[in-house]
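The values are calculated or read from the model by the stated rules, or taken from the named source; none is laboratory data. As the structure is a prediction and not an experimental result, all values here were calculated from the model. Cβ coordinates were reconstructed from backbone atoms using ideal geometry, including for glycine residues, and neighbour counts include every protein chain displayed. The accessibility values were calculated without ligands, DNA or RNA, using every heavy atom of the protein model including side chains. Shrake-Rupley method; radii C 1.70, N 1.55, O 1.52, S 1.80 Å.
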Amino acid sequence: MPQITLKIDADTYRGTRQGVPNLVQQLLRHGANATFLFSLGPDHTGWALKQVFRPGFFSKVSRTSVVEHYGLKTLMYGTLLPAPDIGKTCGDFMRAARDAGFECGIHTWDHRVWQDHVRARDAAWTQNIMQRSYARFREIFGHDPVTHGAAGWQMNEHAFVQLDKFGITYSSDGRALLKEDGTLADPAAGPHRLGTNGSTLSCVQLPTTLPTLDEILGREINGKLIDASNAAAFLLALTKQQPRDHVFTLHAELEGQKLAPIFEQLLLGWRAQGYELVSMGEYFQSIEGQLLPVLPITWGELPGRSGDLILQAA
Ligand SMILES: [Zn+2]
């Protein structure tokens, strides 16, 4: 039976306190498994407000309605309001997800800082930030993290090496290349290892293979405008058309809040299509021992998202 791995990124303070508990309840109702990845340090989402004055921002706002989904307060953290420390103040919400039976891992320390800077930073900067998330995770959960998923699919070579040093055996830090219509550019895309500086890293990468909701909402695909009324049908058509293992990334701030009705349709639809809904750990177990391709670290763009991100090499 093919599997869909549900990888849930919690980016913000609000998403962690409201979106995560909502998703836990929704997943339990459906008997679906998933992995929650947490932002463990300060919430500087408000720095995004500065982008309001950059060209091109308004088209993005109208597409995903940032204020509606993130809330005005979230958009002020780090600017008009002090940045809350998510790990320090939301430990109970994170442990509640774990105690409900869900795998938990590291998303990032400070989402904005990581997403905007990691690509160009050196080993010392990268290790310092990753050590902070690692230590905070241990503080909250009382054990070592087993998995990771990079904020904004941004990494650098040192960060991949650090995952190995932490003993992280599987991680989801990049994306498979998608065509404009959302289908996979390479039908064989999926789990792989990364090679860097002549050596192969041991951590297995489980790339996201489907578009995210914020990448499709408001876009015209195959001559049809995707909105809240047909987004689930669009994604369900993709998984029906490509019956294979997939990794779907969702956000505590979106599917855990205003977009919950779309996620509800997805859960029902994927079940009806015969998919098993699993955590990253379960997916990893199902492929453990397979001979996986070793690929270089590469960057590229995806339809519906601006800027380069870690993309599985062809
Ligand atoms: Zn994120």
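Regarding Glu255, is this residue modelled with pLDDT of 95 or more, of a type in the set (Asp, Glu) and under 22 Å from Gln154 (Cβ atoms)? The answer is yes for Glu255.
If the condition is being open to solvent by 10 Å² or more (accessible area, probe 1.4 Å) and outside any helix (DSSP H, G or I), then segment 1-31 contributes Met1, Pro2, Gln3, Asp11, Gly31. Within segment 106-136, restricting attention to residues that are within 16 Å of the ligand (Cβ to nearest atom) and aromatic (Phe, Trp, Tyr), the residue that is surrounded by the most Cβ atoms within 10 Å (Cβ to Cβ) is Trp114.
Does segment 183-198 contain any residue that is open to solvent by less than 10 Å² (accessible area, probe 1.4 Å) and touching a Phe, Trp or Tyr at 6+ places or on another chain (Cβ under 8 Å)? Checking segment 183-198: not a single residue is open to solvent by less than 10 Å² (accessible area, probe 1.4 Å) and touching a Phe, Trp or Tyr at 6+ places or on another chain (Cβ under 8 Å). If you go through segment 200-245 and pick out every residue that is open to solvent by 60 Å² or more (accessible area, probe 1.4 Å) and over 28 Å from Tyr70 (Cα atoms), you end up with 7. Just one of Leu292, Leu254 is in contact (Cβ under 8 Å) with a residue 40 or more places away in the chain, surrounded by 21 or more Cβ atoms within 10 Å (Cβ to Cβ) and part of a loop (DSSP other than H, G, I, E, B); which is it? Being in contact (Cβ under 8 Å) with a residue 40 or more places away in the chain, surrounded by 21 or more Cβ atoms within 10 Å (Cβ to Cβ) and part of a loop (DSSP other than H, G, I, E, B) holds for just one of Leu292, Leu254, which is Leu254.
Quick one: in segment 257-281, of everything that is within 19 Å of Leu28 (Cβ to Cβ) and of a type in the set (D, E, K, R), which residue is surrounded by the most Cβ atoms within 10 Å (Cβ to Cβ)? Looking at the filtered set, the residue picked out is Glu276.
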